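Undergrad: Pasting a structure below so you can have a look.
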Amino acid sequence: MALLRDGQVVRDTYTVERLLGAGAFAEVYRVRHRYLRKRQAMKVFRQAGMSTEQVHDALGEAMLLSGIAHPNIVRVFEANTVETSGGVHAYFTMEYVAGGTLHDFWRSQGEGYVPVPTAVDVIRQAARGLAVAHQESPPIVHRDITPQNILVGYDGAGLRVRVSDFGLARKVSALTLLASSQGSIAFMAPETLLHPHLSSMPADVWSLGVVFYLLLTDQVPYPQRGAGDPVAASWHRSALVPPSEVRHAVDPVLDGIVARALSFDMAKRYPSAAQLLTELEAWRPDTPAAARRPLREPVPAEEIAAGKQTFGRASPGGQAPPERRALPADQRALPADRAAADGQAAAERLAARAVAAAAAGRYGHAADLMEEACAAWPDLREQHASRIRLWRRGVAR
C-alpha cells in the first residue's frame with residue numbers, strides 16, 4: 001500500500017498527483033506546489049516513526065544535494081516530515097524530470113543505437129555533474145551510477161542530463177578518500193565487489209564508463225560480471241572488447257577513453273570525473289572512417305531490442321523502469337500484445353493532451369505531458385523530441 005494517496009495535501013503545500021515509482025527504502029511521487037504551481041518530485045522514506053537522528057540520516061541525500069547547485073545535478077527544494085496513518089515519514093522534494101531515466105531514453109532508440117555524439121553528450125553532462133560532487137571538500141562519492149540514476153529531459157537548449165539518487169552517496173573520509181560501497185553489481189568497480197570500503201572517485205568513474213559502453217554498444221562491457229553475487233563477479237577479469245569492434249561508428253579516441261575508465265587497475269583509471277570530463281570535452285566527431293576498426297561481430301537487431309526490454313533494475317529508492325512497474329490486478333492477466341496496445345494508446349492520449357495544452361499556450365505543461373508520453377511509449381520520442389524542445393523555449397510549433 002502506498003504511503004500517500006492521489007489528491008492528498010502534504011503540509012498544506014503539496015498536492016500529490018501520482019506515484020512515480022517505489023524501491024526498497026522509499027517511494028517517489030509527482031506533486032504540485034499549491035502556491036508556486038510547479039510540479040516537483042517528492043521522495044518519501046518508507047521507515048516510520050524515525051528518531052531525530054534517523055530523520056537526519058534519511059535526509060542526508062537532500063543535505064548533500066542542497067549544497068550543490070549545478071544544472072547536471074538534480075536540484076533539491078525542501079526537506080521535512082509527513083504524518084500518515086502508519087506514522088511519521090521523512091521526505092524531501094526535488095525537481096521533477098518528466099522525461100524519465102537514461103534507461104528509458106536508451107530503450108527509446110528501439111532496434112537502433114544511440115547516436116555516438118548523443119551518447120558522448122549524455123556522458124559528458126553526467127560527468128560535469130559528478131565532477132562537481134567529486135570536487136567538494138571532502139569529495140562526495142555517488143556509489144550507484146546506473147542508467148536508472150541518470151535523468152534525461154529537455155530544456156530550451158536541447159537534451160539535459162541530471163545525476164540523481166545520491167541516496168547511497170556519502171562524503172568520503174578526508175584521510176582515506178574511501179567510503180563504504182553499495183550499488184548494482186553490473187556497474188560496480190572491481191575493487192568494490194570484495195572490499196566495499198574501497199568505493200571512491202575512480203569507482204564512480206568505472207560505473208560511468210559502464211554506462212558509456214552500454215550507450216555506445218547496447219552491451220555491458222563484462223556481461224559475466226552482471227550476474228550472481230559480488231564474490232563470483234569479482235573473479236571475472238577478461239579483456240575488454242573495444243566499443244569500435246562492436247560498432248563501427250565508434251572511433252579510436254572513444255575506445256581509449258572507455259578503456260581507461262574501465263581499467264581493472266584503479267591507479268590507471270581516471271582519478272575523478274573531472275579528468276574523464278576533460279577528455280570528453282576535447283572529443284570531436286570527426287575521426288576519419290578509415291581509422292576506425294571494423295565490426296567484430298554484428299549484433300542482431302532482435303537481440304538489441306530484447307536486451308533493451310529486459311536489461312536493468314531500479315536501485316533502492318529510485319524510480320522503476322516502466323516495464324517493471326506492477327500492473328493493476330485487473331490488467332495482470334492481459335496478453336502481452338493487449339497490454340502493449342493499451343500502453344501505446346495511453347501514451348498517445350497523453351501526447352494529444354500535450355498538443356492541446358500547447359495550443360492553449362501552456363507550453364511548459366505541454367512539454368511535461370509529451371515527455372511523460374515518450375517515457376511511457378518510447379517510439380514517440382523521435383516524432384516529438386523537436387516539439388518538446390520548442391515548447392521548453394515557449395515557442396509554438
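Undergrad: Out of all the residues in the stretch 1-12, which are in contact with a Lys or Arg (Cβ under 8 Å, 6 or more places away or on another chain) and exposed (fewer than 15 other Cβ atoms within 10 Å of the Cβ)?
TA: Residues of the stretch 1-12 in contact with a Lys or Arg (Cβ under 8 Å, 6 or more places away or on another chain): 3, 6, 9, 12.
Selection gives Asp6, Val9, Asp12.
Undergrad: Considering only the stretch 10-58, how many residues are among the hydroxyl-bearing types (Ser, Thr, Tyr) and touching a residue at least 24 places away in the same chain (Cβ under 8 Å)?
TA: Final tally of qualifying residues: 2.
Undergrad: Next question, about the same structure. Can you pull out the residues in the stretch 243-273 that are of a type in the set (Lys, Arg), over 15 Å from Val210 (Cα atoms) and in a helix (DSSP H, G or I)? I'd like the intermediate steps shown before the answer.
TA: The first filter runs over the stretch 243-273 and keeps only residues of a type in the set (Lys, Arg), leaving 247, 260, 268-269.
Those left that are additionally over 15 Å from Val210 (Cα atoms): 247, 268.
Once the filter is applied, which keeps residues that are of a type in the set (Lys, Arg), over 15 Å from Val210 (Cα atoms) and in a helix (DSSP H, G or I), the stretch 243-273 yields only Lys268.
Undergrad: In the stretch 230-262, which residues are modelled with pLDDT of 95 or more and among the polar types (S, T, N, Q)?
TA: Ser244
Undergrad: Which members of the stretch 1-52 meet the condition of being aliphatic (A, V, I, L, M) and touching a helix residue (DSSP H, G or I) at 6+ places or on another chain (Cβ under 8 Å)? Please lay out each step first, then the result.
TA: Start the filter on the stretch 1-52 by keeping residues that are aliphatic (A, V, I, L, M), which leaves 1-4, 9-10, 16, 19-20, 22, 24, 26, 28, 31, 36, 41-42, 44, 48, 50.
Passing the criteria: Ala26, Met50.
The values are calculated or read from the model by the stated rules, or taken from the named source; none is laboratory data. What you see is a predicted model, and the numbers here were worked out from it, not measured in a lab. All Cβ positions, even for glycine, are placed from backbone atoms using ideal geometry, and neighbour counts span all protein chains on display.
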